[in-house]
Structures are given as C-alpha cells and as structure tokens.
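Below is one structure; the comments refer to it alone.
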Amino acid sequence: MPSANPLSDVPAASAPGSCLALRRVAIDTWRENVAYLHRDCAVYRAEGFQALSKIEVRANGRRILATLNVVDDDALVARDEIGLSTDAFAQLDVSEGHAILVAQAERPASIKALFRKLAGERLIQDEMHAIVRDIVEKRYSKIELTAFVVGCARDELDREEVYFLTQAMAASGQRLDWHEPLVVDKHCIGGIPGNRTSMLVVPIVAAHGLLCPKTSSRAITSPAGTADTMEVLAEVELALPRLQEIVRTHRGCLVWGGTAQLSPADDVLISVERPLSMDSPGQMVASILSKKLAAGSTHLLLDIPLGPSAKVRSMPEAQRLRRLFEYVARRLGLVLDVVITDGSQPIGRGIGPVLEARDAMRVLQCDPAAPTDLREKSLRLAGRMLEFHPDVRGGAGYAIARDILESGRALACMQAIVGAQGARAFDAAHPPVAALSFDVVAGSAGVVVAIDNLHIARIARLAGAPAVQVAGVDLRCKLGDRVAPDTPLYRVYANFPADLEFARQACAKSSGYQIGAAVPPGEALEQS
C-alpha cells in the first residue's frame, strides 16, 4: 500500500480547512506533488490561494503538501473538486470522490536558513538538517529547491557543510544494515560516456563472495546511468525486502536506489539538477556518500576520471575533490579508496542504455567483439575492490578478477542476479537498436587525437537516450585510430525523426572528434 508523508497524525476532521471532492489527474509530475484547483472554485477564492504556492491536502489522518496549479478547464477539475497528480494521489491513498480538506501550508521552518545560504553565508549542522528535512517532507516548492541547488553551487559549500549535508541526506530515509563487517561498493563521479564498469565489477566481486549491494542513480546529465542500462536486462525498481533477499542470496544486486528510500532527499535534488545539467562538487559528494552510507556500505571504491572534457579536467582539481571525498568519508566512518583514471575519451563503444548493456554483456561473455578498454578498466577496479578483503594482498586483486571473468564465474553470477531481479529478453550479439540512424564520418585523413566526451554525450541525449533505451551513439573509432576521408567515426541511432534531426544538426556543427597528423601520447592517468 502506498504510504503518505506522515507530516501529521491529527485527524483531518479536527484540522482547519475547506472540503472538496478528490479527482485523480493522470499527470506525471516527476517527484513533485501537484494539486489542481479550478479558477472559479469557491475554496480557491475564499482561502486566497496563489498559483505555485504550497497547500496542505488531508484525508483520513494523512496529510501531504502539494504545489498548487490553477486551471480553467471544467473537464480537468470541476469547481467543487481538487485534482492530484499521479504521485500525490498515490501518497494520499484514498479513492476518487473522497472528501478532502484543503488549507494553506505553513512556510518551511528552514526558509531563513535557505535565505542565509543564498546570501553566501555558511550553514551550521542544525540548519542543514532542517533544510533536508523540509525537502524530504516536500515543504519546498520547485522554485525554492532550485534556489537551494543553485545557491550551493554558486557559493561552494565548505567541507564542514558538505559533511552536514551528507549526514542529513543519509539520515533522511532508510539505512540498511547487512550485519557483515565488509560491505563493498564502487562509484564513478560520471562524465565519461559508456563507462559501465559497475555492471562488470559487481558480478566479479560478488562471485568472489564479497557483499556488494549496488544501488545506482539514473542519468542526471549523461545518456545513461547504471540503473538505466541495467534496466535493459532486468527490473531495477525493487521493493526493499526483495532487494535484501537478492543480495543475501547472490551477494550482489544492480538496482535503482530511489525505490528503496535510501537518501530520498537526493532523489528530490536530482530532479532539479537534471534539467539544469548541474552537478556541483559539494552536492556530488553528498549525493554519492549519503547513498552509499544509507545502503549499508562499509568500503567504497571511487573512480574520478580526469580528462580535457571530463567533469574533472586538471590533476589539482582531481586531488581537491579526492581530499573532500576522503574528509567526509572519514567523518562518516566509511573506508574509501579513490582512483583517478583516464577520462580522455568514452569507455567502450556504445553510448545509450541498450548499446552500453551490449558492451557490458560482451565483456562478461568474453566475446572477441567486447571493448578492450571497458574490460581492462573493470578488471583494475574490481581488483582494487577485492583487495578490501584482508585475505587478498595488495596487488593481487587484478589477477583474481581476471580469473573470475575468464572462468565464466562472473557471467554466471550476473545471470543469477538478472534472473532474480526479473530478467528481460536481451541478446548482446544482436541488440535491439533504434529504427533510424546515420553515420558521422571523418572529414580528412589522419589520426584521432581528441574526442569531446561532453559533445558525444549531448548527441546521444539529443537522439533520445536514456529515455529511449534503443537510442544512442555507437563509436567506430577511438583515440589513436587512423582514418581516411569518409571513414565512419560513429553511428547515431534514434527512434523518432525529430530526435534524429536534432542529433544530425549537432553533428553538423561538430563531430566531437579532432583529427590530427600524429598519434597522441597514450599514457593513462591511473593513480592510486
């Protein structure tokens, strides 16, 4: 049964408010409770409600907060009704036509702290916890949420504020306890298209016996997140009891963290960050570490890709971010190993959920067509994770990881996890791709000396990824490859003519590839 936000146990009959009949409005408002009142509704006029303000909606002792939208169409909401968006209706958990009490919502208690942050002031622990609490209880409007996200990005949070935010976000939802001393996880800060190492690392370390409950986010600014790609193979939105059963049985999982209510404040903030394409360092650290802490992890391997078009573009910047992660992790009692990796180009060949799932499964199947760079990076990361175990000496992890992959044990483990999560038909040898496509070709002869990660990711998103699983970009050339005029650099797949045209226009402005006369230095930036 869906649960409402328990803001109050006071019966609706004892609280002030005006009564209206409930109507379900089948609009997905993406993690925002939205209420609809007719402009000629007597309650709307009498209460002095304003569009986009917050109102309280109550029934049977349940209470939710919703953002008010005002409509003029009787067919959508009648004058004696209140409409609720899909999520809001589910949270209230009463039937259509039920009598609903509506009243003005109190102003969020933390609004003064928000204004202090917007003024560039430093927030203390209680203020950050109050803001996160109000975010989780949906007391903030989208405008106020945006103000918080932008305010934290503009005036960068100091390390104490990042710790307070992480702590508050981890405490905002459920926290899993696996009752084991070693619970491992791996995370990449993102920014590198095709970097689906988690789908290889998890089955490798789980096959070795380490507990690895991998809860992942969906894409924020990329063409696919781990959860988006895993969803090609299996269900990722699992109820908590089912998730726990799968992890205990198979020693690992690959799921979306949102349904488990792990750091729910993070999911709300991501819904604002996604359309803004914003991912500031402080909020990134809080987002990643709060989710790992809530998922019960004790040891985390963090991948920070470094490259000219990655999120992190210089070694000093990478080291600053590393120290911030290490400081907050230490305060939280989380063992952290940070690896700075080569982010000079996409990893693998496919960019987009189906194409990335194809690459990951081909590596697990030891297919000769599997991308070597994805395989090698995954083995290095899995090896570092295996070395969290006290019985695995430093430097021995890579060989163990390679043996687990080449023996087929990793594939068997992945198949078991996929089956437990609810397998979906997928053939890595013949993956389903979008119906429409075009090739982007080299304009001159030479060598690929640079690939713009951001531009390639943008092209894949314009083509429809990740919302359209079969859309994306399939790379034909990587750094150091020699090309002739009209050599295909990559193929773009889209399901809809408009998406294909958007992607084509972006490619016409720039292919994202730089063709030069010499092979660039190929030394990876791998550091421990």
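Results, tabulated for the structure shown:
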| quantity | calculated |
| --- | --- |
| Matching entry among LEU386, LEU355, LEU374 (being buried (at least 24 other Cβ atoms within 10 Å of the Cβ), at pLDDT 95 or above and more than 24 Å from the chain's Cα centre (by Cα)) | LEU386 |
| Verdict on PRO264 being at pLDDT 90 or above and over 15 Å from HIS187 (Cβ atoms) | no |
| Considering residues of region 164-185 that are in contact with a strand residue (DSSP E or B) (Cβ under 8 Å, 6 or more places away or on another chain) and crowded, with 24+ Cβ neighbours inside 10 Å only, the residue farthest from THR197 (Cα to Cα) | VAL184 |
| Residues that are under 16 Å from CYS188 (Cβ atoms) and either small (Gly, Ala, Ser) or not assigned by TED's automatic domain parsing to the domain that holds MET284 (or both), drawn from region 326-350 | ALA329, GLY343, SER344, GLY348 |
| Failed criterion for TYR398 (all others in (1) hydroxyl-bearing (Ser, Thr, Tyr); (2) more than 27 Å from ILE515 (Cβ to Cβ); (3) part of a loop (DSSP other than H, G, I, E, B) hold) | (3) |
| Selected residue (only one of THR221, THR249 is in a loop (DSSP other than H, G, I, E, B) and among the β-branched types (Val, Ile, Thr)) | THR221 |
| Region 233-263, subset within 20 Å of ILE204 (Cα to Cα) and of a type in the set (Val, Ile, Thr), residue surrounded by the fewest Cβ atoms within 10 Å (Cβ to Cβ) | THR249 |
| Sole residue being out of contact with any helix residue (DSSP H, G or I) (no Cβ under 6 Å at 6 or more places or on another chain) and in a helix (DSSP H, G or I), chosen from LEU355, LEU293, LEU324, LEU379 | LEU355 |
| Filter result for GLY225 (closer than 20 Å to PRO466 by Cα and either out of contact with any helix residue (DSSP H, G or I) (no Cβ under 8 Å at 6 or more places or on another chain) or outside the structural domain of ILE340 (by TED's automatic domain parsing) (or both)) | yes |
| Residue in region 496-509 that is closer than 13 Å to LEU355 by Cβ and outside the structural domain of ALA224 (by TED's automatic domain parsing) present | no |
| Condition met for ILE131 (of a type in the set (Val, Ile, Thr) and either under 19 Å from VAL25 (Cα atoms) or outside the structural domain of TYR163 (by TED's automatic domain parsing) (or both)) | no |
| Residue selected from region 89-105 under the condition in a loop (DSSP other than H, G, I, E, B) and either among the aliphatic types (A, V, I, L, M) or without any contact (Cβ under 8 Å) to a residue 12 or more places away in the chain (or both), by the criterion nearest to VAL43 (Cα to Cα) | ALA105 |
| Those residues of region 67-85 which are under 16 Å from SER18 (Cα atoms) and part of a loop (DSSP other than H, G, I, E, B), in sequence order | ALA78, ARG79, ASP80 |
| Subset of region 406-440 [touching a strand residue (DSSP E or B) at 6+ places or on another chain (Cβ under 6 Å), farther than 22 Å from VAL201 by Cβ and part of a loop (DSSP other than H, G, I, E, B)] | VAL433, ALA434 |
| Residue within region 272-289 that is in a helix (DSSP H, G or I), in contact (Cβ under 8 Å) with a residue 24 or more places away in the chain, touching a strand residue (DSSP E or B) at 6+ places or on another chain (Cβ under 6 Å) and of a type outside the set (Val, Ile, Thr) present | no |
| Selected residue (criterion: farthest from LEU269 (Cα to Cα)) from residues of region 159-179 that are in contact (Cβ under 8 Å) with a residue 40 or more places away in the chain and part of a loop (DSSP other than H, G, I, E, B) | TRP178 |
| GLY191 of a type in the set (Gly, Ala, Ser) and more than 30 Å from TYR490 (Cα to Cα) | no |
| Residue selected from region 252-271 under the condition polar (S, T, N, Q) and not in a loop (DSSP other than H, G, I, E, B), by the criterion farthest from VAL132 (Cα to Cα) | THR259 |
| Qualifying residue in region 46-58 (condition: modelled with pLDDT under 85 and within 31 Å of the chain's Cα centre (by Cα)) | no |
| Scan of region 119-138 for residues that are surrounded by 15 or more Cβ atoms within 10 Å (Cβ to Cβ) and outside any helix (DSSP H, G or I), ordered by number | LEU123, GLU137, LYS138 |
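Residue by residue, here is whether (1) of a type in the set (A, V, I, L, M, F, W, C); (2) within 20 Å of GLY194 (Cβ to Cβ); (3) buried (at least 17 other Cβ atoms within 10 Å of the Cβ); (4) at pLDDT 95 or above holds:
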residue	(1), (2), (3), (4)
ASP427	no, yes, no, yes
VAL433	yes, yes, yes, yes
VAL448	yes, yes, yes, yes
ILE459	yes, yes, yes, yes
ALA463	yes, yes, yes, yes
VAL483	yes, yes, yes, yes
TYR493	no, yes, yes, yes
LEU500	yes, no, yes, yes
CYS507	yes, yes, yes, yes
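Residue-wise test of (1) assigned to a strand (DSSP E or B); (2) in contact with an Asp or Glu (Cβ under 8 Å, 6 or more places away or on another chain); (3) assigned by TED's automatic domain parsing to the domain that holds TYR140.
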{"site": "ALA35", "(1), (2), (3)": "yes, no, no"}
{"site": "ILE64", "(1), (2), (3)": "yes, yes, no"}
{"site": "ASP87", "(1), (2), (3)": "no, yes, no"}
{"site": "LYS117", "(1), (2), (3)": "no, yes, yes"}
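Here's the yes/no breakdown for (1) in the same structural domain as ARG384 (by TED's automatic domain parsing); (2) modelled with pLDDT of 90 or more; (3) of a type in the set (A, V, I, L, M, F, W, C); (4) farther than 27 Å from LEU210 by Cβ:
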site	(1), (2), (3), (4)
VAL268	yes, no, yes, yes
ARG274	yes, no, no, yes
SER280	yes, no, no, yes
GLY296	yes, yes, no, no
LEU300	yes, yes, yes, no
ASP303	yes, yes, no, no
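The values are calculated or read from the model by the stated rules, or taken from the named source; none is laboratory data. Bear in mind the structure is a predicted one, so any value in this text is a computation, not a measurement. Reconstructed Cβ throughout: ideal geometry from the backbone, glycine too, with neighbour counts over all protein chains shown.
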